[in-house]
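The values are calculated or read from the model by the stated rules, or taken from the named source; none is laboratory data. Only a predicted model underlies this, so the values are computations on that prediction, with no experimental measurement involved. Positions of Cβ are generated from backbone atoms using ideal geometry, with glycine treated the same way; all protein chains shown enter the neighbour counts. With ligands, DNA and RNA removed, areas are computed over all heavy atoms of the protein, side chains included. Shrake-Rupley method; radii C 1.70, N 1.55, O 1.52, S 1.80 Å.
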Amino acid sequence: QVRLVESGGGLVQAGGSLRLSCAASGRTVSNYAMGWFRQAPGKERECVAAINSSGGITFYRDSVKGRFTISRDNAENTLYLQMNSLEPEDTAVYYCAAKFGGSATMASFAYNYWGQGTQVTVSS
């Protein structure tokens, strides 16, 4: 069993930055692909970014390309999301997730473990 705990969310003004962290416990996730997802009120959950097990392959949704960076530290069993140039449209609860196997995907149904989420609010 893998437990995922997100941190780093908060309230920030448009144009600001936040760094989300996702600490994994229970077992090492170095062989798991991982991803960051978000869900805004009244909207479906969407994948923001995904990364393969080694960290060498990443995917981003178009709206965050050039602003967000996903990374991982397998020695620390931790996933990160650096978010720059934040926009009010980025306001959502952000979740990290882990999937069996090392191949990254942005498909939420492929993920086996989920965190509880951290709120990100961007004011205009």
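The table that follows gives values for the structure above.
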quantity	calculated
Residue list for segment 97-124, restricted to those being over 19 Å from residue 44 (Cβ atoms) and among the aromatic types (Phe, Trp, Tyr)	100, 113
Selection from segment 15-50 of residues that are not hydrophobic (A, V, I, L, M, F, W, C) and not in a loop (DSSP other than H, G, I, E, B)	19, 21, 25, 35, 38, 39, 46
Where a residue in segment 95-108 is assigned to a loop (DSSP other than H, G, I, E, B) and its partner, wherever it lies, is modelled with pLDDT of 95 or more and among the basic types (Lys, Arg), with Cβ under 8 Å and at least six apart	105/99; 106/61
Residue, nearest to residue 79 (Cα to Cα), within segment 45-56, restricted to residues that are touching a helix residue (DSSP H, G or I) at 6+ places or on another chain (Cβ under 8 Å) and open to solvent by less than 50 Å² (accessible area, probe 1.4 Å)	49
Hits in segment 15-44 - residues which are surrounded by fewer than 16 Cβ atoms within 10 Å (Cβ to Cβ) and either of a type in the set (Ser, Thr, Tyr) or touching a helix residue (DSSP H, G or I) at 6+ places or on another chain (Cβ under 6 Å) (or both)	17, 25, 28, 30
Breaking point among (1) open to solvent by 60 Å² or more (accessible area, probe 1.4 Å); (2) touching a residue at least 12 places away in the same chain (Cβ under 8 Å); (3) not aliphatic (A, V, I, L, M), for residue 62	(2)
Failed item in (1) in contact (Cβ under 8 Å) with a residue 60 or more places away in the chain; (2) under 18 Å from residue 7 (Cα atoms), with residue 45 passing the rest	(2)
